[in-house]
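Following: one structure in structure tokens, then a few remarks.
The values are calculated or read from the model by the stated rules, or taken from the named source; none is laboratory data. Remember, it's a predicted structure, so these values are computed and weren't measured experimentally. Heads up, the Cβs are rebuilt from the backbone with ideal geometry, glycines too, and the neighbour counts pull from every protein chain shown.
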Amino acid sequence: MTHNLTTQLTALLKETGAAHHHAFIETDGADPDWPIWYAEYLVDKVPALLGSTPTRSKLVHLLMQLEEARLAESPEADWAEFYAERLGRFATSGGASRPGAAPGITGLGGIFFKAQDPGALKAWYQRHLGMVVQDDGNVMFEWAQADDPDRKGFTVWGPFKDDTSYFDPSDKPYMFNFRVDDLDGLLEALRGAGVAVDDSVEDYPYGRFGWCMDPEGNRIELWEPK
């Protein structure tokens, strides 16, 4: 998510808040149906920023989610900045994240496991089960985003040599890869909760990666696609 997008959304939301307060000046802005008013004001303005065209009812629902999340997580936060950060994350994830939610997993990125002979195993799966092995040795299952069919994603199936150190410090013969919408935010939250998180974050043309361990010693790879 870009800083510019957050700034623009914050400005639009503050403009909306000011307009709403002016419309309800006699009650000093008090309005139990404020999400409906806000949605009506925003419906023609947010598509250019979000990259999608939500309906009025969808905006009402999003606004209610956002306010519920703000009150639960950070009631002292500036409401417009809080909403803008979450809406921006929602926009840049292609709708995969929930705007009222804290950083988290949006889907399964891949399943990796140890094998005695990865090459022979991939050939077996290709011959008998029709899996197509890519030039880089991976098997990728492509799919479309539910909210944007033109936006593609993929899940990787990949065996590693049984002496690989890539899953360390886990002693398990497998590792999960999960897609996330905000890697830095999620790693910060995990560290704050006392979860064992790797110090390193790696950046590649296809995304950024971080790692952590679950309570049973399973290695988890976290992938923020680009």
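Brief remarks on what is shown
- Residues that are surrounded by fewer than 20 Cβ atoms within 10 Å (Cβ to Cβ) and either more than 30 Å from PHE154 (Cα to Cα) or in contact with a Lys or Arg (Cβ under 8 Å, 6 or more places away or on another chain) (or both) do not occur anywhere in region 84-94.
- Residue within region 182-204 that is assigned to a strand (DSSP E or B) and basic (Lys, Arg) present: no
- For region 26-57, taking the residues that are surrounded by fewer than 18 Cβ atoms within 10 Å (Cβ to Cβ), free of Cβ contacts under 8 Å to residues at least 12 places away in the same chain and within 24 Å of ASN4 (Cα to Cα), the one that is farthest from the chain's Cα centre (by Cα) is identified as ASP44.
- Some residue of region 12-25 being surrounded by 12 or more Cβ atoms within 10 Å (Cβ to Cβ), out of contact with any strand residue (DSSP E or B) (no Cβ under 9 Å at 6 or more places or on another chain) and closer than 30 Å to PRO149 by Cα: yes
- The number of residues in region 1-11 that are under 13 Å from ALA80 (Cα atoms) and either β-branched (Val, Ile, Thr) or surrounded by fewer than 17 Cβ atoms within 10 Å (Cβ to Cβ) (or both) comes to 5.
- The set of residues from region 117-142 being surrounded by 13 or more Cβ atoms within 10 Å (Cβ to Cβ) and in contact with a Phe, Trp or Tyr (Cβ under 7 Å, 6 or more places away or on another chain) comprises PRO118, MET131, VAL139, MET140, PHE141.
- Qualifying residue in region 164-175 (condition: among the hydrophobic types (A, V, I, L, M, F, W, C) and either part of a loop (DSSP other than H, G, I, E, B) or modelled with pLDDT of 95 or more (or both)): yes
- Residues located in region 163-210, provided they are of a type in the set (A, V, I, L, M, F, W, C), crowded, with 16+ Cβ neighbours inside 10 Å and over 19 Å from the mean Cα position of the chain (by Cα): PHE167, MET175
- With respect to being more than 25 Å from ARG89 (Cα to Cα) and either within 26 Å of the chain's Cα centre (by Cα) or surrounded by 13 or more Cβ atoms within 10 Å (Cβ to Cβ) (or both), PHE160 fits the description.
- Figure legend. Inter-residue proximity from region 200-216: first residues within 20 Å of LEU108 (Cβ to Cβ), second residues among the polar types (S, T, N, Q), beta-carbon distance below 7 Å, spacing 6+ or different chains. Indicated pairs: MET213/SER170.
Residue-by-condition table, conditions (1) at pLDDT below 85; (2) of a type in the set (D, E, K, R):
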position	(1), (2)
ALA18	no, no
ASP31	no, yes
TYR38	no, no
LEU66	no, no
ALA102	yes, no
PHE112	no, no
